[in-house]
Amino acid sequence: MKTFSTLSRLSLVASAALSLFATSSQAQDANSTSSNTTAGSVFISPPRDLAFALNVPSDSTTDLYFSLMFPEGTSWGAVGLGSDRMAGSLILLAYPSESGQNVTLSPRIASGHSEPVYTPDIKVEALDGTGLNNGTFIFNGRCGNCRSWSDGKGKIDIASKSQNMIYATGDSSTLKSDSFDAPLRMHYNYGTFTLNMAHATGPAGVPIIDRSEDSTLVATTQGLSKEGKKDVAALMHAIIMVFVFVGLYPFGIFVLRLGSWVRWHGINQGFAFILTIVGSSLGFSISKYYNRSKKVNTAHQVIGILIFIFIFAQFALGFLHHRNFKKTQQTTKMAPIHVWMGRVIIVMGVVNAFLGFPLAQASQYNYVLAGLILFLFPAMILILVTKKFIQKKWNKSKNEPTGYNMEPWNQQNGQAGQGNGAANPQQPMGQNASIPGMSTYAPYHAQGMKADLGPQQNTREYV
Ligand code: HEM
Ligand code: HEM
Ligand SMILES: *[C@@H]1O[C@H](CO)[C@@H](O)[C@H](O)[C@H]1NC(C)=O
């Protein structure tokens, strides 16, 4: 999996490098409107999926000109001014516009290791050459107030020979938006560099980026460089939660219905319960990374929290029911609640998974999820129905009762198999029909057979 994604990324970067830098004179021509005398310092990221050039016009005390480019197939590209950390730097974030043919530039400020927040105070004007050019998204701009921000808490020093800067690029997911606070996925590649501001100072204008294949950095120095990073916590959250709600919990029911293996049901659901706690904790912790989730008010998060509460109740009910049953060999009023709440929880969990992927800007995985469900659930149902069918035949020949019943508490005495006879022979039909007498569920005992939990025995807990 990892190798696969690394490989596919590499090929992307290879083609990215091609589109960003290998394209010939044609691309150069597009930029040649800027004069050759424009001063500029140029940074190119090691995987060559981002290029940035800065011009400090010597005839202005406020302006900065810049050019920022990233290849098609990369969701976003950004450079942060003034720091070697995310926190406090002024981030010039670029992503494809709604049309996919232009570039949206969103000035943002980050407070730490979390999605930077759009700041309308920073004014950036798009200049000639902005748009999609030969597979490369380019934003050429002038910023009127990018030398100092956050009331002076953040600034760049135009005299510095090594001004701290950061950069990052998104993964290969699609992002197209005209909105300035478009939701981001975490960076795939990121790092730091320093930029010689003195070298960037000179005649005003959009600085030129040499897009030939062997172009090099100009008056900038590479610092930290990280490649192939992912939001591992979000990934684990998704894997665990889908595994639990599409796989483990339904399997726990399957095990119970297939063979009445109550013990395995308990162990399986207990394990799933622990995983749910782990997965939900990851959900809580990733919530603070993103602007879309940090208020914890999305449908996905609210439903997730409800489920989180319900599974505690569910586990308690199952546990208490089982303890009572073992003592008395009689079912409890907790059983139907446990059964129905369990079914509701699974449905809610599955629905919530479908809400999680779009929240994470990864809606395409909803198709994978749907495929998984359309395969697994019918397969389990088919096996159960087949089992019931075979058992019916078997029972007919042996004159034994059928073993499988989805709603045992709804059984009336007359249908409850042979067991009620001894314990409560004359209970009238229909009385307490919805919550029948406990005796209904103590069938085999009364006849002196050993209660077991195997499929052919009918003393059953139905949880
Ligand atoms: C969704 C948006 C973002 C999230 C959730 C995020 C989260 C993080 C996290 C968790 C780290 C620490 C990684 C580690 O130590 O393993 C980090 C580091 C870093 N990020 Fe971001 N980031 C986001 C956007 C950006 C943007 C737009 C930039 C643009 C320049 C950026 C630049 C960096 C850099 C340079 C570092 C290393 C320096 C540092 O630790 O601050 N990030 N980010
Ligand atoms: C039944 C319970 C849950 C299920 C099945 C579930 C499933 C998912 C899935 C499949 C994703 C997509 C992740 C990705 O592609 O990166 C996701 C994202 C997310 N989940 Fe959950 N989740 C559940 C509960 C929770 C809870 C309790 C919280 C916390 C309040 C939470 C917070 C989040 C957040 C913030 C994201 C978005 C991450 C991002 O923006 O990259 N989830 N969830
Ligand atoms: C591209 O977007 C900029 C604003 O980001 C706008 O000024 C410019 O006119 C747009 N160009 C085209 C061709 O739509």
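The values are calculated or read from the model by the stated rules, or taken from the named source; none is laboratory data. Since this is a predicted model, take the numbers as computed values, not measurements. Positions of Cβ are generated from backbone atoms using ideal geometry, with glycine treated the same way; all protein chains shown enter the neighbour counts. We work out accessible area using only protein heavy atoms, side chains counted, and drop any ligands, DNA or RNA first. Shrake-Rupley method; radii C 1.70, N 1.55, O 1.52, S 1.80 Å.
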| Mind checking whether some residue in region 164-171 is open to solvent by 20 Å² or more (accessible area, probe 1.4 Å) and part of a helix (DSSP H, G or I)? | no
| Single residue of region 136-156 satisfying the filter (part of a loop (DSSP other than H, G, I, E, B) and touching a strand residue (DSSP E or B) at 6+ places or on another chain (Cβ under 6 Å)) that is farthest from ILE109 (Cα to Cα) | ILE156
| request: Report yes if ILE138 is over 26 Å from the mean Cα position of the chain (by Cα) and open to solvent by less than 10 Å² (accessible area, probe 1.4 Å), otherwise no. | output: yes
| Filter result for the condition that a residue is assigned by TED's automatic domain parsing to the domain that holds PHE70 and either away from ligand 1 (no atom under 12 Å from the Cβ) or β-branched (Val, Ile, Thr) (or both), over PRO207, PRO250, PRO183 | PRO207
| Has region 178-187 got any residue that is in contact (Cβ under 8 Å) with a residue 12 or more places away in the chain, farther than 17 Å from ALA110 by Cβ, of a type in the set (Ser, Thr, Tyr) and surrounded by fewer than 17 Cβ atoms within 10 Å (Cβ to Cβ)? | yes
| query | Are any residues in region 166-217 of a type in the set (Lys, Arg) and under 15 Å from VAL79 (Cα atoms), and if so, which ones? | reply | none
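Among what's in region 125-171 and is of a type in the set (Phe, Trp, Tyr) and away from ligand 3 (no atom under 16 Å from the Cβ), pick the residue that is farthest from ASP49 (Cα to Cα).
TRP149
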| query | Taking region 286-336 on its own, how many of its residues are polar (S, T, N, Q) and over 26 Å from LEU235 (Cα atoms)? | reply | 7
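Condition check ((1) farther than 15 Å from GLN222 by Cα; (2) in the same structural domain as LYS123 (by TED's automatic domain parsing); (3) hydrophobic (A, V, I, L, M, F, W, C); (4) within 25 Å of the chain's Cα centre (by Cα)) across all residues:
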residue	(1), (2), (3), (4)
THR37	yes, yes, no, no
VAL42	no, yes, yes, no
ALA53	no, yes, yes, no
SER58	yes, yes, no, no
SER67	yes, yes, no, no
GLY73	yes, yes, no, yes
GLY88	yes, yes, no, no
| field | Flag if GLY356 is within 13 Å of ligand 2 (Cβ to nearest atom) and either touching a His at 6+ places or on another chain (Cβ under 6 Å) or at pLDDT below 95 (or both) | value | yes
| task | Write out, first by first residue and then by second, each pair whose Cβ atoms fall under 8 Å of each other, whose residues are 6+ apart or on separate chains, and whose first residue, in region 142-171, is without any contact (Cβ under 8 Å) to a residue 40 or more places away in the chain while the second is assigned to a loop (DSSP other than H, G, I, E, B) and away from ligand 2 (no atom under 16 Å from the Cβ). | result | SER148/ILE156; SER160/ASN196; LYS161/ASN196
| remark: Wholly inside region 57-122, strands (runs of 3 or more DSSP E) that include 2 or more residues that are polar (S, T, N, Q) and within 16 Å of ligand 1 (Cβ to nearest atom) are 103-109
| Which members of region 279-301 meet the condition of being open to solvent by less than 70 Å² (accessible area, probe 1.4 Å), part of a helix (DSSP H, G or I) and of a type outside the set (Ser, Thr, Tyr)? | GLY279, LEU282, GLY283, ILE286, ALA299, HIS300, GLN301
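Name the single residue, out of those in region 302-333 being assigned to a helix (DSSP H, G or I) and of a type in the set (Val, Ile, Thr), that is most open to solvent (accessible area, probe 1.4 Å).
This residue is ILE309.
Residue-wise test of (1) on the phi > 0 side of the Ramachandran plot; (2) outside the structural domain of THR174 (by TED's automatic domain parsing); (3) among the hydrophobic types (A, V, I, L, M, F, W, C).
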{"residue": "GLY82", "(1), (2), (3)": "yes, no, no"}
{"residue": "ILE109", "(1), (2), (3)": "no, no, yes"}
{"residue": "TYR118", "(1), (2), (3)": "no, no, no"}
{"residue": "GLY141", "(1), (2), (3)": "no, no, no"}
